[in-house]
Amino acid sequence: MIKRINKIKNFCVFQDYKRDGNLQDFREKNIIYGWNYSGKTTLSRLMSYLDKNTIIDTDYQDVEFEVELNDAGHTKINETNRNTSPILIKVFNSDFVKENLHFDTDEKLTGIKFAVGEAGKIQKQIDDIEQYIKKANDKIAKNQKYILEFNNFENGFTTKARDITNLLNLGRSFDKSSIKTYIQQWGDGNYEQYLITEDELDAVRIKATSTNTGVTINTTLKPVIQFDNIIQQVDQLLSSTPLQNQDNEILSQDKELYDWVKAGVDIYNKRETPIQKCAFCGSDLTNGKTLRELNSFYSNEAAKVKSAINTVKEFIVQEQDKIRALDWSTKSENDVAKSCKQKFQDLKNQYDSISHNYIELLSSISSKLDEKYSYSLFVAMELGTIDDSAKTAIEQWIDNVKSVFDESNSIIDNFDTVQKEAKEKYKKHLVAQHLIDIQYTEVARKKLIEECGIAKFKQATEQKTKEKEELNSKLNSIEKGKQELEDYIKLFLNREDLKIESTSDNYFVLKRGNKQARNLSEGEKTAIAFSHFMVSLKSLKDEGKLNNYVVFIDDPISSLDANHIAQVSSLINSFFFQSGLDPTDPNKVCNCFHQLFISTHNFEFFSFLKDANNIKRKDKETCSYYMIRKESVKKSTIINIPKPFSKYKSEYVYLFYEIDRFKNDNLPEERIYMMPNIIRRFLEIYTLMKLPGNVDEIDNRLKILFDGKIELKILHTFSHFTSFERATKHSELVLKMPDIINDLYAILNNDPDHLKSLQEGIKE
């Protein structure tokens with residue numbers, strides 16, 4: 001339950017309200033009295049703000065309040081946390097009347113037609129929803145047409161997939177869905193990253209489309225060029241200078257002679273039977289001197305050098321023969337993988353030229369040895385600068401051929417894996433290129449927008465359809481509640497001839513007898529609105545939910561005459577309090593609400609409520625009484641009901657109480673602006689008591705009774721003031737107010753018994 005209102009700020013007449021410490025807390029039932037414009041409706045509006053679904057009026061966005069609940073934690077609800085408010089509340093006030101009672105303006109022709117509650121609004125909402133659904137469905141159809149076109153656009157994937165399949169011999173493993181899978185995997189649409197560069201494209205294509213041909217070539221025995229070794233040996237021989245033998249100077253200097261004699265010595269040494277005489281000159285060889293000398297000659301340093309030269313020359317010839325018969329040069333292009341054939345053929349075409357240049361280089365170096373051997377055996381020679389580009393070329397050629405063979409071997413040995421990778425890479429390239437060519441990213445983006453639009457509209461139409469169903473249900477409920485509404489209106493107005501009929505456009509027609517009612521009074525309109533409020537509460541009551549709600553009713557008898565006040569009081573009493581709800585005590589009267597607030601400006605209605613048995617039940621303190629008193633135009637306060645109100649059933653006594661307080665208690669000057677209205681209302685009742693048969697204006701009754709002793713000009717002027725500030729502008733009149741009150745007391749002194757009774761009535 002709501003325990004108290006601690007503060008209200010910046011809200012109409014409650015500009016800076018702070019709860020007085022003496023103010024009693026709210027109870028189950030709370031009756032509030034206040035004159036018109038004192039702040040009752042403002043208070044009811046504040047209570048409605050405790051419902052988190054109620055929107056605060058834009059004129060009061062800066063409102064501040066604090067409402068304390070009577071729970072264990074003394075929860076405080078304010079303008080900042082109201083969205084978490086646990087309060088369930090139903091409020092009847094002028095706002096409810098405006099929002100829930102809608103009249104057809106063509107009264108003169110057709111009589112009164114009205115929509116109760118949200119019926120008129122609901123039908124308009126239904127019409128709007130149906131129009132929205134139609135437009136949404138039109139847009140969905142348009143978007144679906146585009147998506148259909150897109151699907152037809154994607155059918156081109158079938159043709160592209162077939163082309164790729166034929167190119168790469170993929171069989172049935174690649175189709176339209178395969179392309180879509182790539183699109184899904186790639187996601188961001190950056191297809192360029194899957195393209196193969198122009199330099200790579202041919203190689204990848206060959207790997208992807210070739211068959212497994214060729215043989216594995218052993219490249220571990222790569223030919224080794226001995227050029228550097230040869231150069232080293234040649235350079236060493238050319239720079240050598242053996243010691244000359246003086247005894248055989250001729251042989252040392254004549255190569256032909258040297259070779260001729262050496263051949264003879266070698267023949268002699270090989271003979272098993274020694275030769276006695278020289279075959280050329282006939283000299284005796286038996287003494288061995290000459291032969292020993294020749295053998296010594298041919299075994300000396302010169303001989304060694306010449307032998308070494310011949311050895312190196314033979315090494316050079318072997319190198320040349322190796323190059324001429326190089327096995328790698330004899331390989332066929334069919335010996336390598338298909339993708340390597342062109343590379344190998346290009347290298348093979350280079351071989352003749354490269355090998356020839358290298359062989360010629362070796363020959364030129366060998367000629368240097370010949371020169372040493374024949375002419376410069378005992379003279380140091382220099383090899384000079386050698387252009388070894390031919391050697392570099394043959395080495396590079398060998399390395400290049402090895403790379404080709406290694407690649408070919410790898411392809412042959414790993415053909416399936418390599419081809420699979422190449423096919424995948426080539427597939428991605430072809431798909432990516434196709435997607436780029438057809439601008440798939442942009443087309444897909446547009447499709448996504450359309451799909452989002454369809455989803456949005458479908459979701460919206462589904463929601464709108466549910467809303468429409470709920471609204472139709474509400475309309476049906478309104479139709480079902482027509483009889484209850486009619487019954488409540490009859491109770492309110494105490495008329496049995498009233499009848500309500502529904503129209504085809506979801507309006508109601510009020511009939512008096514068989515005729516359609518016209519020119520409804522404000523009281524009748526109030527009765528209809530409050531009847532609708534009671535019908536809505538009855539639905540909650542029938543569902544057993546009303547006991548969870550706080551109910552605030554503000555002036556339900558507004559514009560109703562005195563004949564209907566008792567009816568309203570009786571209706572409230574019978575509706576909100578009911579026996580038979582407690583299974584342990586069927587006679588016990590139970591509340592049909594969680595908490596009840598009723599405010600009124602009518603003292604008679606206030607008295608009816610105060611005296612109602614179900615409200616004032618004396619078994620326990622369950623009801624509190626309050627008064628909203630306006631202190632100034634922007635200042636109202638909530639106080640405990642003054643004792644004259646609780647002691648007597650008369651507003652008249654309370655008016656005298658306020659007059660007497662002003663006269664004797666030196667109240668603040670801001671209270672002065674209220675006094676003309678209080679005095680005027682007091683005199684209206686007093687003069688009617690004295691002249692009950694005179695229903696003329698108060699002016700005539702005052703003239704008859706007081707012979708003009710009361711200054712009516714002052715009373716008329718001041719009774720229409722709405723602020724202390726305005727009143728102070730008429731200081732000459734303000735100064736006369738004490739005199740007016742003294743004159744009033746002078747008149748009452750002429751009626752001493754009446755005055756005494758009033759004075760007794762206001763004693764504390």
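Each reported figure results from applying straightforward, stated rules to the coordinates on display, with no laboratory input. It should be emphasised that the depicted structure is a prediction, and the values quoted were computed from it without experimental measurement. Cβ: placed from backbone, ideal geometry, glycine included. Neighbour counts: every protein chain shown.
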Worksheet item: Check Asp555: other-chain or 5+ apart residues with amide H under 5 Å from its amide H, H built from backbone geometry?
Response: Ser599, Thr600
Response to the item:
One finds, for Lys139 and Ser473 with R0 = 41 angstrom and r their Cβ-Cβ distance, a FRET efficiency to the nearest 0.05 of 0.90
Worksheet, complete the sentence: Exposure proxy check on Lys134, Lys306, Lys490: fewest-to-most Cβ neighbours within 10 Å is Lys134, Lys490, Lys306
Response to the item:
Any lysines whose Cα falls less than 26 Å from that of Lys145, other than same-chain ones fewer than 8 residues away, would be Lys134, Lys135, Lys160, Lys176, Lys180, Lys446, Lys447, Lys456, Lys458, Lys464
Worksheet entry | Rounded Å value of the spacing that divides the Cα centres of the stretch 308-362 and the stretch 5-68 | 110
Response to the item:
If each part is reduced to its alpha-carbon centroid, the stretch 595-642 and the stretch 505-584 end up apart, in Å, by 20
Discussion item. Let's test the formula: R0 of 22 Å, r as the Cβ-Cβ distance of Ser403 and Thr330. What FRET efficiency results, to the nearest 0.05?
Written reply: 0.75
Response to the item:
Other residues with Cβ under 10 Å from the Cβ of Thr600 give, with Lys and Arg +1 and Asp and Glu -1, a net charge of -2
Worksheet item: Pulled fully out, how much extra length does the chain show between Glu130 and Ser353, if you take 0.36 nm times their separation in residues and subtract their Cα-Cα distance?
Response: 71.2 nm
Worksheet item: What is the sum of charges around Glu382, taking Lys and Arg as +1, Asp and Glu as -1, for the other residues whose C-beta is under 14 Å from the C-beta of Glu382?
Response: 0
